[in-house]
Structure formats: structure tokens, C-alpha cells
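Q: The structure under discussion is supplied below as C-alpha cells; questions concerning it will follow.
The values are calculated or read from the model by the stated rules, or taken from the named source; none is laboratory data. Here the structure is a predicted model, which means the values were calculated and not measured. Because the Cβ atoms are built from the backbone with ideal geometry, glycine has one as well, and the counts that use them run over all protein chains shown.
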Amino acid sequence: MYLKNNQIQIDRETWLYEPNRRDDYRVLPAIHSPVIFRLQGETVEVLNISAGGVAFVGSTLCEGGRYMGSLKLRHPMNSSIRFNVEVEAVRVIESIVRGCFIGLGEAEQEVIHQYVLLCQIAEIRQKKNSLNF
């Protein structure tokens with residue numbers, strides 16, 4: 001965050017990755033394997049995801065509030081996997097929400113871990129291919 005013309009401006013990239021209660025490795029959703037997150041009946045844009053939580057765009061949420069939703073992960077090698085989640089809005093600035101998953105089961109955490117791993121592999125391959133040119 002910084003001050004510009006007497007207004008607080010948010011450096012979106014810094015804010016998304018500053019330390020908070022989500023200690024797990026976060027990834028941007030892969031283009032070939034998007035994350036579909038439905039919260040309160042509407043689909044929201046996922047900015048990053050980890051086994052501990054998710055950052056997304058959601059304009060009507062309050063810090064500390066708990067919200068039910070569904071998460072659908074599309075794996076390129078597997079069929080899509082959908083499960084219900086409860087998210088606590090840890091921090092809300094403008095329309096960006098950082099949330100922690102509440103009561104996520106081990107099976108659901110493992111699915112997210114596998115998704116994160118696939119995204120990391122795809123990112124490494126992409127970087128490797130771009131360096132070979």
C-alpha cells in the first residue's frame with residue numbers, strides 16, 4: 001500500500017502475497033486447469049489458491065465473516081473434482097478477499113495439494129521452454 005493524492009493505493013501484487021495466516025504455497029490458477037469458485041450463488045474470480053486458503057475478487061464480504069461455497073478444480077489428466085468449502089474472510093481490501101479454508105478434510109486438502117503441484121510443474125515447464133528459445 002502507498003499514498004497517492006491523499007488516498008491509499010494498493011499494490012495488488014504485494015498485497016496478495018504478503019504474510020498472513022496462509023502459510024501454504026500459493027499458485028495462480030492455470031489457464032489449462034482453471035479453478036471455479038462459487039460463493040453465495042455467484043462465480044468469483046480466483047487470484048491464487050493454496051491448501052490453506054484462496055484469494056479472490058468478492059465485493060460484498062466482510063472481514064471475519066464465514067461463507068459457504070463450492071470449489072471445482074479442473075485437472076488436465078483427471079476429471080473435474082468439486083467439493084463444498086467454508087471460507088473465512090481474513091482480509092478484505094477494496095474487492096480483493098483473502099480467505100482461509102475452515103474445516104477442510106484431508107481428502108480435499110490432498111486434492112488442492114495435487115492441483116498446486118500440477119500448476120507448479122506447468123509453470124516450470126513453461127519457464128524452461130521459454131529459456132530454450
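Q: Quick one: which strands (runs of 3 or more DSSP E) lie wholly within region 38-84 and hold at least 2 residues that are within 15 Å of the chain's Cα centre (by Cα) and surrounded by 15 or more Cβ atoms within 10 Å (Cβ to Cβ)?
A: 46-49, 53-57, 66-73
Conditions tested, residue by residue: (1) touching a strand residue (DSSP E or B) at 6+ places or on another chain (Cβ under 6 Å); (2) part of a helix (DSSP H, G or I).
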| site | (1), (2) |
| --- | --- |
| 92 | no, no |
| 97 | yes, no |
| 104 | no, no |
| 113 | no, yes |
| 116 | yes, yes |
| 119 | yes, yes |
| 122 | yes, yes |
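Q: Then there's this: Is one or more of the residues making up region 17-36 touching a strand residue (DSSP E or B) at 6+ places or on another chain (Cβ under 6 Å), assigned to a strand (DSSP E or B) and at pLDDT 85 or above?
A: So far as region 17-36 goes, yes, one or more of its residues are touching a strand residue (DSSP E or B) at 6+ places or on another chain (Cβ under 6 Å), assigned to a strand (DSSP E or B) and at pLDDT 85 or above.
Q: Taking the residues in region 85-133 that are under 23 Å from residue 43 (Cβ atoms) and among the charged types (D, E, K, R) as candidates, determine which candidate is surrounded by the fewest Cβ atoms within 10 Å (Cβ to Cβ).
A: Filtering region 85-133 for residues that are under 23 Å from residue 43 (Cβ atoms) and among the charged types (D, E, K, R), the one surrounded by the fewest Cβ atoms within 10 Å (Cβ to Cβ) comes out as 94.
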